[in-house]
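Report on one structure; see the data block that follows.
The values are calculated or read from the model by the stated rules, or taken from the named source; none is laboratory data. In this text the structure is predicted, and so the values were computed from the model without any measurement. No Cβ is skipped: glycine too gets one built from the backbone with ideal geometry, and neighbour counts run over all protein chains shown. Heads up: the accessible areas ignore ligands, DNA and RNA and are worked out on the full protein's heavy atoms, side chains in. Shrake-Rupley method; radii C 1.70, N 1.55, O 1.52, S 1.80 Å.
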Amino acid sequence: DVYADAPNDNTIKADYDKVYGSRFLNRINRRAAQMIKARVLLLAASPAFNPANDLSKWEAAANAAAEVINVNGGLNSLVNNRLEYYLNENNADIIWRKDYTNSRNLETDHFPPSLYGTGRMNPTQNLVDAFPASNGFPISDALSGYNVNAPYTSRDPRLDKYIVYNGGKVKNTTINTIDGAKDGINMVAGSSTRTGYYMKKHMNQNVNLTPGNLISQRHFQTLMRYTEAFLIYAEAANEAWGPDGTGTNAYSAKDIIAMIRSTAGFTTDNYLPTVTDKVLMRDLVKNERRIELSFEGFRFWDIRRWNDKVLMKEPARGTQDGGISSIHVENRSYEDYMIYGPIPDSECRKGLVQNKGW
């Protein structure tokens, strides 16, 4: 069911751990199979593949996700340290991961140039704007208290953990990304940000890239987390039963989002109680999914399964002045038909009909 070390008082602990211990979390198990089922059912229920909005498909996806949540202990099983699951291969949020190695390649690729990195991943202003205020309200809402002249103050605690912004810290070093600074836009060829931001999530700040003092740390790629199961349930349950409905389960979409936000570090959430209809909850769940699963390879596919042709073509934005104003960075070259990808010619030769536009 799950790989974990035996208790210290177990008389066969040494032999048990050699076969079933936590070091084997990179092996597939029943919970990973249950997660695959929940993922597939979520895809089947999504607008791009469920144009008639058959609610029974949403119910199936919600119930499959509930199986994963319940086998782990239910609603209260979400752990507070899940936001930095990538720092410990035994983190309780991990369902399935790849093996671990000692390296510094990730930090070499993504640290800012002032820390001897090559800054390859540049989060957009679009993503930064998705992080709500610390009271839970979207920053576009007047009740958020958002201050355009202090854009990173009183924000979602996850912003500081996931993204390097102007004035933020990496390795106890303040990073300056305003125009003209060393870590500013295009200041170091091939290494500087294009958006005014750097990725902080996945980075191990105990890595050192200083020439002559190189230090590596343990790294691994996580394939599945319990947080994702919670998000699948919230999305599917809201579509099936609304924000407060539970079906045959013990919790609602709103209960799930409350737990996600609580374990993310919100001490007050004045926004969630105001979300009383399916449309508002849908937008909130999508935004939570965007934040929680950022840089994990989900967003590209989420936009497509939602059949969201507006988001698919939204230009990427950045900032040169620490988030006070935004700049255009890049257009997204997508057409409406690209919601569905091309089918390989070898498969079409077997009788499948090619998707429109390809």
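Of note:
- Computed lengthening from residue 221 to residue 348, 0.36 nm per intervening residue step minus Cα-Cα distance: 42.3 nm
- Accessible-area rank, largest first, for 282, 305, 27, 120: 120, 27, 282, 305, with all protein chains present and a 1.4 angstrom probe.
- Reported value for the range 1-154: 206 Å³ per residue, from the convex hull of its C-alpha atoms.
- Compared with the direct C-alpha span, the chain from residue 147 to residue 120 gains 6.8 nm at full extension, assuming 0.36 nm per residue.
- Full extension of the segment from residue 108 to residue 278, taken as 0.36 nm per residue of separation minus the current Cα-Cα distance, would add 56.9 nm.
- Cα-Cα pairs of the range 1-85 separated by more than 19 Å (percent): 57
- Net charge over other residues, Cβ less than 15 angstrom from the Cβ of residue 165 (K, R count +1; D, E count -1): +2
- Span per principal axis, largest first, for the Cα atoms of the range 117-251 (Å): 60, 39, 24
- If you take the alpha carbon atoms of the chain and fit the smallest convex hull around them, that volume is 180 Å³ per residue.
- Computed log10 I(q)/I(0) for the range 88-149 at 0.14, 0.28 Å⁻¹: -0.76, -1.04, from the Debye equation with unit scatterers placed on every C-alpha and solvent omitted.
- Summarised as an ellipsoid, the range 256-341 has semi-axes of 26, 20, 12 Å, derived from the eigenvalues of the Cα gyration tensor scaled by 5 and square-rooted, with the largest first.
- Where a label projected 7 Å from the Cα of residue 176 along Cα→Cβ would reach, residues of the range 98-139 with amide N under 17 Å: 112-116
- Distance between the range 314-350 and the range 295-312 - C-alpha centres, whole angstrom: 9
- Atom-type composition of the exposed protein surface of the chain places 51 percent of the accessible area on carbon and sulfur (1.4 angstrom probe).
- Magnitude of the charge dipole for the range 13-78, about its Cα centre and with charges confined to Cβ atoms of Lys, Arg (+1) and Asp, Glu (-1), is about 340 debye.
- Only Cα pairs under 8 Å and 6+ residues apart enter the sum, and on that basis the relative contact order of the range 95-225 stands at 37 percent.
- Solvent-accessible surface of the chain, taken per residue with a 1.4 Å probe and all protein chains present: 48 Å².
- Per residue, the Cα convex hull of the range 226-275 amounts to 71 Å³.
- Segments 107-116, 213-222 sorted - mean Cβ within 10 Å per residue, highest first: 107-116, 213-222
- Under the Debye formula (equal points on every Cα, no solvent term), log10 I(q)/I(0) of the range 190-322 at q = 0.20 Å⁻¹: -1.28
- Per residue, the average separation of C-alpha pairs within less than 8 Å and at least 6 apart gives the chain a relative contact order of 20 percent.
- Structure remark: mean-square fluctuation, Gaussian network model of the chain, C-alpha springs under 10 Å; the largest value among 184, 73, 265 belongs to 73.
- Remark: for residue pairs 286/309; 37/313; 286/313, the C-alpha separation exceeds 20 Å in 37/313.
- Between 212, 136, 322, the residue with the greatest mean-square fluctuation in the GNM of the chain (Cα pairs under 10 Å linked by springs) is 212.
- Of 83, 41, 223, the one that fluctuates the most in a GNM where the chain has Cα springs shorter than 10 Å: 223
- Size of charge dipole - the range 128-285 - debye, nearest 20, with Cβ of Lys, Arg +1 and Asp, Glu -1, no other charges: 740
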